[in-house]
Amino acid sequence: MVRREMGKTGEKVSALGFGCMRLPTLDSGIDIPEATRMLRHAIDNGVDYVDTAWGYHNGQSEPFVGEALKDGYREKVNLATKLPSWLIKSHEDMDHYLNEQLKRLQTDVIDFYLLHALNGRFWDNLVKNNVFDFMDRAKRSGRIKHIGFSFHDTLETFKKIVDAYDWEFCQIQYNFLDTDYQAGTDGLNYAAEREMGVIVMEPLRGGKLVRRIPADVRKIWDLAPQKRSPVEWALRWVWNDPAVGVVLSGMSSMEQVEQNLEIAGAALPNSLTSQELSLIARVREIYISRIKINCTACGYCMPCPNNVAIPDSFEVYNDAAMFDDVEGARRSYSNFFKPENRASMCVECGRCEELCPQKIPIIEKLKEVAALLE
């Protein structure tokens, strides 16, 4: 297993991290025997970064990890979990959740502790409740070793948070398609310049980059002299950047564990040729050309007076087109959008169109979203 440096933490960690958010399941929840077998097999083969969180698998992930890391496995790994930022109502809540997590994970110390899924709203609330004091005390008390945050918002907000504290590491969504999305490449470099370790999540964009490959994309992959699977191309692209430390994969089967372990064996920075990078750039261009609505998710159109989730609706609609997966987009839309937030609730007031920097005909596009996804 290739090991990579994690910035000012001083740690060298496995290039591949095991994300415990998409474990195999049964009707009762996590398939504990199979998930344990997968996790321990990964550790036996060099994975030493295990990532979980309070809410994963409806709260079952942390207790599972605590049990799975028995029999000497806890000593072999860097254990990561996250403060549930959205549940924090007071300063005392932070200590409450951390202490509960230590119990769930059956450990005295969490090696990498993150403030989970930070955006502007969660961050402002944490600052209001003096998160800085909490982080300093948690480190001094020995309950956590390294402090960082995971992130889902704009580049501007990312830089604001990075500059607010002496962070040791961060976790961002990053893949060859999302170079200008959320923190993106600029955010990755901004963190690296400050000697922060960088953990990458969603390197396969939740599987969308590898699950259903459009024919025009497959033609490009087939042009490569060195034949690789879409999974390997996507992972190798992320690992090619020397600023990246760990790449997390939420593995759901032993087959995925074995595949990722094999690919991680070549997870060296600057290992792709200029020809290979050009090939990946062509694939990215094809995906982007399939986008139907040029929405940058800037949020100027929000809040909608009638509570329509405008940027989120456009994102799902674009995913349907980019990945040739209308049925998957419909499932996401049905599962994650409340009826009162759906595109068909638009009353055509026009406020959003006046505010949109991209001059998108939002009213007409929402009708298209409703026709396809509802």
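The values are calculated or read from the model by the stated rules, or taken from the named source; none is laboratory data. Here the structure is a predicted model, which is why all the values come from computation and not from measurement. When we count neighbours, we look across all protein chains shown, and the Cβ atoms used for this are built from the backbone with ideal geometry, even at glycine. Ligands, DNA and RNA are stripped out before the accessible areas are found, and what is left, the full protein with its side chains, is counted by its heavy atoms. Shrake-Rupley method; radii C 1.70, N 1.55, O 1.52, S 1.80 Å.
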Q. Are there any pairs with C-beta distances below 8 angstrom linking a residue in the range 81-92 that is in a strand (DSSP E or B) to a residue that is among the aromatic types (Phe, Trp, Tyr) and open to solvent by 40 Å² or more (accessible area, probe 1.4 Å), with the two at least 6 apart or on different chains, and if so which?
A. Thr81/Trp54; Lys82/Trp54; Leu83/Trp54
Q: Among the strands (runs of 3 or more DSSP E) lying completely within the range 1-64, list those that include at least 1 residues that are among the aliphatic types (A, V, I, L, M).
A: 12-14, 16-19, 49-51
Q) Which ones in the range 298-320 are touching a residue at least 24 places away in the same chain (Cβ under 8 Å), under 30 Å from Glu232 (Cα atoms) and of a type outside the set (Ser, Thr, Tyr)? A) Asp312, Phe314, Val316, Asn318, Asp319, Ala320
Q: Give the residues of the range 341-374 that are closer than 20 Å to Glu327 by Cα, of a type in the set (Lys, Arg) and part of a loop (DSSP other than H, G, I, E, B), sorted by residue number.
A: Arg342
Q. Looking only at residues in the range 113-144 that are of a type in the set (D, E, K, R) and closer than 16 Å to Asp166 by Cα, which one is surrounded by the fewest Cβ atoms within 10 Å (Cβ to Cβ)?
A. Arg140
Q.
Would you confirm, using the coordinates I've provided, whether Arg218 is touching an Asp or Glu at 6+ places or on another chain (Cβ under 9 Å) and open to solvent by 20 Å² or more (accessible area, probe 1.4 Å)?
A. no
Q. Which one is most open to solvent (accessible area, probe 1.4 Å), of the residues in the range 93-112 that are part of a loop (DSSP other than H, G, I, E, B) and at negative phi?
A. Asp108
Q) How many residues are part of a loop (DSSP other than H, G, I, E, B), of a type outside the set (D, E, K, R) and over 29 Å from Asp186 (Cβ atoms) if we restrict to the range 196-228? A) 3
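Conditions tested, residue by residue: (1) surrounded by 15 or more Cβ atoms within 10 Å (Cβ to Cβ); (2) farther than 30 Å from Pro33 by Cα.
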position	(1), (2)
Glu262	no, no
Ile280	yes, yes
Ser289	no, yes
Lys292	yes, yes
(Q) Out of the residues in the range 294-321 meeting the condition of being within 18 Å of Ala370 (Cβ to Cβ) and polar (S, T, N, Q), tell me which one is surrounded by the fewest Cβ atoms within 10 Å (Cβ to Cβ). (A) Asn307
(Q) Can you find a residue that is open to solvent by 80 Å² or more (accessible area, probe 1.4 Å), in contact (Cβ under 8 Å) with a residue 40 or more places away in the chain and assigned to a helix (DSSP H, G or I) anywhere in the range 322-334? (A) yes
Q: Go through the residues of the range 163-170 one by one and say whether even a single one is open to solvent by 10 Å² or more (accessible area, probe 1.4 Å), over 16 Å from Arg284 (Cα atoms) and in contact with a strand residue (DSSP E or B) (Cβ under 6 Å, 6 or more places away or on another chain).
A: yes
**Q.** Search result, residues across the range 157-197 that are of a type outside the set (S, T, N, Q) and on the phi > 0 side of the Ramachandran plot
**A.** Gly184, Glu195
Q.
Filter the range 245-276 down to the residues that are assigned to a loop (DSSP other than H, G, I, E, B) and in contact with a Pro (Cβ under 8 Å, 6 or more places away or on another chain) and list them by number.
A. Ser252, Ser253, Pro269, Asn270
(Q) Any residue that is crowded, with 22+ Cβ neighbours inside 10 Å, in contact with a strand residue (DSSP E or B) (Cβ under 9 Å, 6 or more places away or on another chain) and at pLDDT 95 or above - is there at least one of those in the range 26-34? (A) no
Q) Among the residues of the range 1-51 satisfying the criterion of being of a type in the set (Gly, Ala, Ser) and over 25 Å from Ile147 (Cα atoms), which is nearest to the chain's Cα centre (by Cα)? A) Ala35
Q.
Residues that are assigned to a loop (DSSP other than H, G, I, E, B), without any contact (Cβ under 8 Å) to a residue 12 or more places away in the chain and over 18 Å from Gln101 (Cβ atoms): does the range 136-154 have at least one?
A. no
